[in-house]
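The structure appears below as structure tokens.
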Amino acid sequence: MRTTPLTPRFGLLVDGVDLRDLRADHLYPEIRALFETHSALLFRDQSLTDDEHARLGTLFGPLENREAMASGRDVAFEVSELSNQTGAGLLAEDDLRLLNLQANMLWHTDSTFLPTPALINILTARVVPETGGETELASTRAAWADMPDPMKAQLRDAVIWHRLSHSRSKLSADLAALPSMTRWPDRPWRAIWPNPVTGEEALFIASHAFAVEGMGHQEGQDLIDAAIAFCTRPDYVYSHQWRPGDVLIWDERATLHRGRPWDYAQPRILTSLCCSVTTADGLDAVRLI
Ligand SMILES: [Fe+2]
């Protein structure tokens, strides 16, 4: 296994590993340690089937199954396909499914609106456009370490409320009103997530954040916007240009991410899954209810 930094502040390219070979007692402990310390890991030239993708996920934690969470019933897990292509062809520009992909182009953290947030996203590329369509990551750990004291003072003990339909409403009222967007009750989390392994703190924030406890609506939104703007300065950002076979994983507790646009006349297919956090990942430090 060889590693190369992706940026001076966070992220590693990991060479010499076939992700299909990971087992709980073989390679996974080393990869997991790198994940805790570097927040983002890139693996090239992988070839994961959906089943292998899911098996890799289960090493990190319970697979996030939103349909099961929403219904309270057993629902078979499926790896998510992020694509502008359907059986009927490419999605039209006003298709709500394309607008939902575009909502992922706002800086966000996955699943902050769920009863249990995500630990990790494992994203892999199947079909990529010639240009564009990058995925960008921002280290909220590095940014928090550098943040000026006045902004830190406002955020250190803050409680931030999250709502999926809030981020969707920035693109389309119709998108925000879909039952799949409104089915989750508003969710509060403490703003600072200390990593239980390294002790390093990171800001836990997202485009889904709509209010700060104890602040007026505008004051809270302004603080959220300013904090995200600070965390996504170029010093803290890694921009990933996809190649088929790439697998990019990131720590949802310590990063923000966003997709970038591409020519939607070209197909792009990524597959994705998240694993939920557990108490071992420091959940109790941010949980209020
Ligand atoms: Fe995402």
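The values are calculated or read from the model by the stated rules, or taken from the named source; none is laboratory data. Quick caveat: nothing in here was measured; it's all calculated off a predicted structure. Cβ coordinates were reconstructed from backbone atoms using ideal geometry, including for glycine residues, and neighbour counts include every protein chain displayed. What goes into the accessible areas is simple: the full protein's heavy atoms, side chains included, and nothing from ligands, DNA or RNA. Shrake-Rupley method; radii C 1.70, N 1.55, O 1.52, S 1.80 Å.
Of note:
- Relative pair counts by distance (%), Cα atoms of the range 176-289, 5 Å bins: 2, 8, 14, 19, 20, 19, 12, 5, 2, 0
- Per residue, the solvent-accessible area of the chain (1.4 Å probe, heavy atoms of protein chains only, all protein chains present) comes to 43 Å².
- Computed over the Cα atoms of the range 1-128, the ratio of the radius of gyration to the Kirkwood radius (Rg/Rh) comes to 0.98.
- Spin-label pair Thr58-Gln218: with each label point 7 Å from Cα along the Cα-Cβ axis, the two points sit 5.3 nm from one another.
- Alpha carbon Rg of the range 71-158, scaled by the compact-globule rule 2.2 N^0.38 Å: 1.47
- Choice from Pro150, Pro267, Pro117 showing the highest fluctuation, given a GNM over the chain with Cα pairs closer than 10 Å: Pro150
- Full extension of the chain between Asp74 and Glu200 gives 41.7 nm of extra length, using 0.36 nm per residue less the Cα-Cα distance.
- What a 1.4 Å probe finds exposed on the range 152-289 is 51% carbon and sulfur by accessible area, rounded to a whole percent.
- Projected area averaged over orientations for the chain, convex hull of C-alpha atoms, nm²: 14.8
- The range 153-195 - Rg over Rh from alpha carbon coordinates, Kirkwood radius: 1.13
- In the chain, the DSSP-assigned H stretches of four residues or longer account for a calculated mean residue ellipticity at 222 nm of -7500 deg cm²/dmol, using -39500 (n - 2.57) per stretch and the full residue count as denominator.
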